[in-house]
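Just so you know, all these numbers are worked out from the coordinates, no wet-lab data involved. On a predicted model such as this, the values are computed, not experimentally measured, just so you know. Virtual Cβ from ideal backbone geometry, glycine too; neighbours counted across all protein chains shown.
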Amino acid sequence: MKLTDPTQTLAALIRCPSVTPEEGGALTTLAAMLSELGFANDRVTFSDTGTPDVENLYSRLGSSGPHLMFAGHTDVVPVGDNSAWTQGPFGADIVDGEMYGRGAVDMKGGIACFVSALARVIERKGVPEGSVSLLITGDEEGPSINGTEKLLAYAKAKGEHWDAAVVGEPTNPDKMGDMIKIGRRGSLSGTLTIEGVQGHVAYPHLADNPLRGMVRLVDALLDPPLDAGNERFPPTNLEVTSIDTSNTATNVIPARSTARFNIRFNDIWTAETLADALRARLEQAARESGLRNGRAAVRYSVDFDSRSSPSFLTRDDALIETLSEAVHATTGQTPALSTTGGTSDARFIKDYCPVVEFGLVGKTMHMVDERVALSDLESLTRVYETFIEGWFERQAASVEAS
């Protein structure tokens with residue numbers, strides 16, 4: 001295999017059926033590539049109650065600073081209906097200039113491009129003056145319990161320290177060079193339960209329909225908007241994802257109704273202040289519901305998921321500028337600096353060092369016929385190559401200046 005060719009490195013990774021939480025040979029294949037480049041590999045498996053065991057990989061080249069980390073995941077989502085794929089989901093087939101396969105863009109493609117970029121740097125200029133590490137999990141598409149969060153703590157306990165990190169998630173909406181993620185919104189999930197009294201729909205005075213209260217309390221969660229956003233983040237958004245009574249009868253008033261919701265919030269809030277604000281809304285709405293015909297306040301409870309994700313913003317100008325310059329030099333695009341989208345493992349990495357995200361175009365991620373243009377693979381490899389050189393040069397200049 002020619003490691004400087006991202007088409008070859010990606011094909012090797014796609015052909016490993018690493019549907020989360022299965023390793024599927026992907027970490028073994030990646031570790032072999034990195035060993036060829038001189039990396040020392042550390043394979044570690046983490047476990048937790050009620051979750052599958054997950055294999056992870058931490059690889060490092062070099063023993064001194066400055067230290068650049070690349071982070072990502074080799075696990076992929078299930079293929080869905082296999083017969084709906086026009087090419088095999090683990091075949092890495094190339095059709096009309098595109099490589100097909102689960103993980104092509106999310107995110108085996110990003111990993112392959114970084115490996116090939118580093119191989120090119122080493123081939124042309126030798127190993128960078130400092131260290132490069134890859135922190136790769138098999139648990140990003142799963143519950144994210146036995147992956148990056150634990151691997152970071154494990155590596156730190158062994159004495160690892162990082163100066164900056166890049167996560168290779170697919171960040172570009174339409175074309176290469178569109179967007180760098182310099183932060184992420186937080187995520188908080190909750191469950192709202194309304195207690196009623198079951199009864200016959202023909203005798204409503206003998207029952208208490210919890211859906212009347214649910215309508216009012218859900219409306220209070222949604223309106224008015226929680227904020228208008230700011231110069232760094234879009235407005236906080238709450239979405240109700242389900243309302244359920246477990247009632248299949250049309251002539252029975254249900255005893256209970258449950259709603260589940262998720263909020264993607266900006267840095268105006270913490271999970272704690274946001275939960276407090278929502279509790280206050282619910283308490284007022286429970287007392288003031290106009291749908292209950294003189295009945296007492298709505299009886300409800302609300303529970304928030306303890307595994308919330310905080311919002312964060314990276315303010316390392318040198319890291320952001322170096323990557324932005326590499327993107328512009330390679331693609332001609334000036335990338336937008338964004339905090340949009342869902343959560344990623346950057347939420348764990350930001351506690352250890354400054355982190356940004358840049359990868360492929362994400363249009364086909366998680367879809368049937370996930371695929372990537374070979375031209376995009378080459379473009380991302382050149383971005384990473386330029387960035388690696390530029391980051392280490394900038395670090396060296398900073399040391400000289402001091």
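By the scheme Lys and Arg +1, Asp and Glu -1, what is the net charge of all other residues having a beta-carbon under 12 Å from that of E23?
Details: positive: R43; negative: E22, D53, E55, D75, D139.
Summing Lys/Arg as +1 and Asp/Glu as -1 gives -4.
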- request: List the DSSP H helices in the chain whose Cα atoms stretch 24 Å or more along the helix axis and whose mean Kyte-Doolittle hydropathy is at least 0.5.
  value: 108-125
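How do 268-279, 341-352, 97-108 rank on mean C-beta neighbours within 10 Å, highest first?
On the way: 268-279: 16.5, 341-352: 19.2, 97-108: 26.1.
Final packing ranking: 97-108, 341-352, 268-279.
Could you work out [θ]222 nm for the chain from helices alone, using -39500 (n - 2.57) per DSSP H run of at least four and dividing by all its residues? Round to the nearest 500 deg cm²/dmol. Display every interim value, and only then the final one.
Working: 9 runs with 126 residues, N = 402.
For the chain, the value works out to -10000 deg cm²/dmol.
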- prompt: When Lys and Arg each count +1 and Asp and Glu each count -1, what net charge do the other residues less than 10 Å away from S187, Cβ to Cβ, add up to?
  reply: +4
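Strictly over 25 Å apart at the Cα level, which of K2/K350; K2/K150; K108/K350; K150/K181; K125/K363 would you flag in this model?
On the way: K2/K350 33 Å; K2/K150 32 Å; K108/K350 22 Å; K150/K181 23 Å; K125/K363 35 Å.
Table pairs above 25 Å Cα-Cα are K2/K350; K2/K150; K125/K363.
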query: How big is the gap, in Å, between the Cα center of the stretch 85-99 and the Cα center of the stretch 15-48?
result: 23
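If you average 1/r over every pair of different alpha-carbon atoms in the stretch 186-304 and take one over that average, what Kirkwood value in Å do you get? Display every interim value, and only then the final one.
Numbers: mean 1/r = 0.0659 Å⁻¹.
This gives a value of 15.2 Å.
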query: If you place +1 on the Cβ of every Lys and Arg and -1 on the Cβ of every Asp and Glu, how big does the dipole about the Cα centre of the stretch 186-304 come out, in debye to the nearest 20?
result: 440
field: Identified option (computed Cα extents along the principal axes in Å; candidates [x] 82, 54, 41; [y] 82, 60, 42; [z] 62, 49, 37)
entry: [x]
Peptide ranges 316-327, 155-166, 244-255 listed from the most packed, as the mean C-beta count within 10 angstrom indicates: 316-327, 155-166, 244-255
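What is the sum of charges around V95, taking Lys and Arg as +1, Asp and Glu as -1, for the other residues whose C-beta is under 14 Å from the C-beta of V95?
On the way: positive: R371; negative: D93, D96, E98, D369, E370.
Residues close to V95 contribute a combined charge of -4.
For the stretch 343-402, what is the convex hull volume of the alpha-carbon atoms per residue, in Å³? Kindly include the intermediate steps, with their values, before the conclusion.
Details: hull volume 5.3 nm³, N = 60.
About 89 Å³ per residue, rounded to a whole number.
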query: How would you rank 135-141, 180-186, 362-368, highest first, on the average number of other Cβ atoms within 10 Å across their residues?
result: 135-141, 180-186, 362-368
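Hey, what D do you get for the stretch 59-114 in µm²/s if you plug the Kirkwood alpha-carbon radius into Stokes-Einstein at 10 °C and 1.306 mPa s?
118
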